[in-house]
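Visitor: This is the structure I want to talk about, given as structure tokens.
The values are calculated or read from the model by the stated rules, or taken from the named source; none is laboratory data. Please read all numbers here as calculations on a predicted model, not as lab measurements. With ideal geometry, Cβ positions are generated from the backbone for all residues, glycine too; neighbour counts draw on all protein chains shown. Ligands, DNA and RNA are stripped out before the accessible areas are found, and what is left, the full protein with its side chains, is counted by its heavy atoms. Shrake-Rupley method; radii C 1.70, N 1.55, O 1.52, S 1.80 Å.
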Amino acid sequence: MKISTMLLGAALGLLAASAIAQEAARPTPPYRVIDNTYSVGTYNNSVFLITTSKGNILLDVGPKENAETIEKNIEALGFKLTDIKILLNSHAHNDHAGGIAKLKTDTGAMLIASEGDRYALEKGVFVGSESNTKLNFTPIKVDRAVKDGESIELGGLKLTAHVTPGHTKGCTSWSWPVRDADGSAHTAIDFCSATVSRNSLVPEQYPGIIADYRRTFATAKSLPGDVFLAPHPEFYGPEAKQARLGKPGPNPFIDRKGFEHLVDYQRDLFEKALAEQTAAARK
């Protein structure tokens with residue numbers, strides 16, 4: 001996994017230039033990842049549709065430019081928008097939450113997100129950079145706010161919220177049970193992110209951000225999950241894995257080592273950024 005590729009991917013999602021927005025919204029064909037979990041996202045933004053017997057769940061949407069593409073991808077798989085009962089959010093940044101308002105209107109679904117990101121979602125701002133209106137997005141009412149360890153249920157399926165703060169105050173990694181084609185039980189984990197990205201560490205983007213990052217890195221590897229997913233495709237390499245779907249052997253998205261590698265990689269980047277920002281502040 002090349003550092004330059006990962007950093008570029010994380011940056012692209014937050015830049016507001018129209019050319020970047022068009023690239024971010026570039027369609028990619030939807031497909032079944034595993035069991036009841038489908039990829040319906042775009043080139044730069046992962047979005048997952050999770051189906052149940054009582055309706056469906058959509059995890060993230062991407063920026064507002066993506067919303068129409070996401071809707072078309074869902075329908076291309078044969079699902080109805082009105083069957084979406086719950087919208088989940090990984091974190092309150094424009095490139096993951098900007099399109100939620102349209103999906104909320106078009107589906108009538110309730111939005112569930114972390115208590116820590118509630119303010120940002122309902123104000124449509126990048127916390128700590130409120131003066132930079134280029135990072136704003138359409139505010140969305142949070143219908144239910146969850147805390148670390150809380151679960152939501154729909155149609156017999158339980159998803160658990162794991163608050164992994166730092167990237168945002170309420171950055172949330174979601175996990176849920178899935179089965180491989182051979183019937184073996186697994187757990188999907190959508191790891192929110194622990195990149196520094198646009199965050200200032202010195203001074204702190206929001207009070208306690210450094211402690212939040214350190215807590216996330218200390219606990220992330222204890223999170224359940226071996227089916228590795230993430231809000232940005234470059235974090236978990238879905239193209240290569242998708243190409244192996246249907247071939248003999250376990251589902252290629254079963255990749256616990258890939259998840260742990262990402263956590264280590266983002267921890268190293270955090271420590272480097274903290275050192276650099278600390279040194280710059282002393283000059």
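Visitor: Where does the charge balance sit around E122 when Lys and Arg score +1, Asp and Glu -1, over other residues with C-beta under 15 Å from its C-beta?
Guide: Residues close to E122 contribute a combined charge of +2.
Visitor: Give the carbon-plus-sulfur fraction of the accessible surface of the chain in %, rounded to a whole number; probe 1.4 Å, heavy atoms of protein chains only.
Guide: Taking all protein chains in place, the chain shows 53 percent carbon and sulfur surface.
Visitor: A further question on this structure: For the range 160-207, what is the convex hull volume of the alpha-carbon atoms per residue, in Å³?
Guide: Enclosed volume per residue, from the Cα hull, is 63 Å³.
Visitor: Tally Lys and Arg at +1 and Asp and Glu at -1 over the other residues with C-beta under 11 Å from the C-beta of G225: what net charge comes out?
Guide: Neighbourhood net charge equals -2.
Visitor: Could you tell me the calculated FRET efficiency between Y265 and D182, based on Cβ-Cβ distance and R0 = 30 angstrom, to the nearest 0.05?
Guide: Computed FRET efficiency for Y265 and D182: 0.45.
Visitor: Binning every alpha carbon pair distance of the range 85-222 at 5 Å from zero, what are the percents per bin?
Guide: 2, 10, 19, 21, 19, 14, 8, 4, 2, 1, 0
Visitor: How about the range 102-185: which trypsin sites (Lys or Arg not before Pro) there lie in a loop by DSSP and see at most 15 other Cβ atoms within 10 Å?
Guide: Sparse-neighbourhood loop trypsin sites (Lys or Arg not before Pro): K141, K147.
Visitor: Given contacts defined as C-alpha pairs under 8 Å and at least six residues apart, what's the relative contact order of the chain, whole-number percent?
Guide: RCO, the chain: 15 percent.
Visitor: Run through the DSSP bridge list for the chain and note the antiparallel percent, rounded to the nearest 5.
Guide: Roughly 70 percent of the beta bridges in the chain run antiparallel, per DSSP.
Visitor: From the helices alone, meaning DSSP H stretches of at least four residues, give me the mean residue ellipticity at 222 nm for the chain, per-run term -39500 (n - 2.57), in deg cm²/dmol to the nearest 500.
Guide: Mean residue ellipticity, 222 nm, calculated: -9000 deg cm²/dmol.
Visitor: Could I ask something else about it? Which values of log₁₀ I(q)/I(0), to two decimal places, follow from the Debye formula for the range 54-124 at q = 0.16, 0.18, 0.28 Å⁻¹ with a uniform point scatterer at every Cα?
Guide: Treating every Cα as an identical point scatterer, log10 I(q)/I(0) equals -0.49, -0.61, -1.35.
Visitor: Among L77, L58, L87, which one shows the biggest mean-square fluctuation in a GNM of the chain, springs joining Cα atoms closer than 10 Å?
Guide: It is L77.
Visitor: Determine the principal axes of the Cα atoms in the range 142-276, then give the extent along each, sorted from largest to smallest and rounded to whole angstroms.
Guide: Computed over the range 142-276, the largest-to-smallest principal extents equal 50, 34, 23 Å.
Visitor: Place a +1 charge on the Cβ of each Lys and Arg in the chain and a -1 charge on the Cβ of each Asp and Glu, then give the dipole magnitude about the Cα centre in debye, rounded to the nearest 20.
Guide: 180
Visitor: Which lysines have a Cα less than 20 Å from the Cα of K283, not counting those fewer than 8 places away in the same chain?
Guide: K272
Visitor: Please say if the range 169-242 is rounded, prolate or oblate, where rounded means a/c under 1.5 for a ≥ b ≥ c the square roots of the C-alpha gyration tensor eigenvalues, and otherwise the choice is prolate for a/b larger than b/c and oblate otherwise?
Guide: Taking the square roots of the gyration eigenvalues as a ≥ b ≥ c, the range 169-242 is prolate.
Visitor: Step through the table entries K85/K169; K72/K104; K64/K123; K54/K104; K221/K257; K80/K141, compare each Cα-Cα distance with 20 Å, and write down the pairs that go over it.
Guide: K85/K169; K80/K141
Visitor: May I ask you to give the solvent-accessible area per residue for the chain, in square angstrom, as obtained with a 1.4 angstrom probe?
Guide: Per-residue value: 43 Å².
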